[in-house]
Ligand SMILES: [Zn+2]
Ligand SMILES: [Zn+2]
């Protein structure tokens, strides 16, 4: 094994550098993982462009990356259930297991959570866009031999979407809309389909992602860049029971509240701008809308790995490009170009 590691480290807006440093001795109880693959997430792109996402602001150099898979190469001390040579999907969350939300089983709301590659806490926790990185044994979920690291890395965004689908409650027979046809929107559509949604409409403001949504099985798509008359006409014919707001924009949330049926459910998954944003909140009252947040995931991570290993969800169908980890800055720029990118995945070489 080499004695050096390199990591895609963010210093400020558009300032992502590959920083090499010596490997530190592994902390007792931790596992060292050699990078196999890493998905570039919308939040990585937000960090890259603005050095912040939502209310999380980068205040010191941050290694990006939380959709990761790789090979266990070293273990310090005893590590239950993990051995050197294991190929694993890495859950970026470390839950404390003893706070109120953890005891309620709402692990994603853990008060003491550490989440890789996130500026939600200071000091920030380094992410996994690094040739070697550390994790706890509990973060490592073994993958089947036939599963690629590229597919395993996408367990994380799939888990986000399985959680969002669960937050919507029983989706069987529900007429469902997804606002935003990026990777999370598309995986939410697939998760909603698996959960029994009867009818899936996908909305975006760009044609390329919508064409992708159609290929992945959307019943209909609307490009609302020129207005939402078509969407409203559709809602008038057959009202929408559930809307997943994935765009993370004030306009998207307003659109979701506007389009959902009376008594319907809106699930907010997209990371909205921090601070206060204008929304037609009175409609939440007047239409008795249930507005529900959906943040990350809990044990859905294990389910996501299982679904990928079983071939039940074709996550690789979203991948539009692969780039080596050492080209992370260029890969992030490519990912930002929605006319050609859905999901960009970093690979070891
Ligand atoms: Zn992500
Ligand atoms: Zn906790």
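The values are calculated or read from the model by the stated rules, or taken from the named source; none is laboratory data. Remember, predicted model here, so these are calculated numbers, not experimental data. Heads up, the Cβs are rebuilt from the backbone with ideal geometry, glycines too, and the neighbour counts pull from every protein chain shown.
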**Message:** Given the criterion surrounded by fewer than 17 Cβ atoms within 10 Å (Cβ to Cβ) and over 30 Å from residue 235 (Cβ atoms), identify the matching residue among 111, 134.
**Reply:** 111
**Request:** Hey, can you tell me all the residues within segment 205-223 that are part of a loop (DSSP other than H, G, I, E, B) and surrounded by fewer than 21 Cβ atoms within 10 Å (Cβ to Cβ)?
**Result:** 205, 206, 216, 217, 219
**Residues that are part of a strand (DSSP E or B), at pLDDT 95 or above and under 13 Å from residue 127 (Cβ atoms), drawn from segment 45-69** = 62, 63, 67, 68
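When you look at residue 185, is it more than 21 Å from residue 319 (Cβ to Cβ) and either assigned to a loop (DSSP other than H, G, I, E, B) or touching a helix residue (DSSP H, G or I) at 6+ places or on another chain (Cβ under 8 Å) (or both), yes or no? Talk me through it step by step, then tell me what you get.
Details: more than 21 Å from residue 319 (Cβ to Cβ): no; either assigned to a loop (DSSP other than H, G, I, E, B) or touching a helix residue (DSSP H, G or I) at 6+ places or on another chain (Cβ under 8 Å) (or both): yes.
The answer is no for residue 185.
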**Asked** Considering segment 96-124 alone, what residues qualify as being touching a residue at least 24 places away in the same chain (Cβ under 8 Å), more than 28 Å from residue 312 (Cβ to Cβ) and out of contact with any helix residue (DSSP H, G or I) (no Cβ under 9 Å at 6 or more places or on another chain)?
**Response** 120, 122, 123, 124
**Message:** at negative phi and more than 13 Å from ligand 1 (Cβ to nearest atom): which single residue out of 67, 71 fits that description?
**Reply:** 71
**Message:** Restricting to segment 255-297, count the residues that are in contact with a helix residue (DSSP H, G or I) (Cβ under 9 Å, 6 or more places away or on another chain) and in a helix (DSSP H, G or I).
**Reply:** 6
**Asked** Within segment 317-327, is there a residue that is touching a strand residue (DSSP E or B) at 6+ places or on another chain (Cβ under 6 Å), surrounded by fewer than 22 Cβ atoms within 10 Å (Cβ to Cβ) and at positive phi?
**Response** no
**Asked** Pairs, please: C-beta under 6 Å, at least 6 apart or cross-chain, first residue within 14 Å of residue 346 (Cα to Cα) and not assigned by TED's automatic domain parsing to the domain that holds residue 272 and in segment 34-62, second part of a helix (DSSP H, G or I) and within 13 Å of ligand 1 (Cβ to nearest atom)?
**Response** 37/153; 38/153; 39/153; 40/335; 45/335
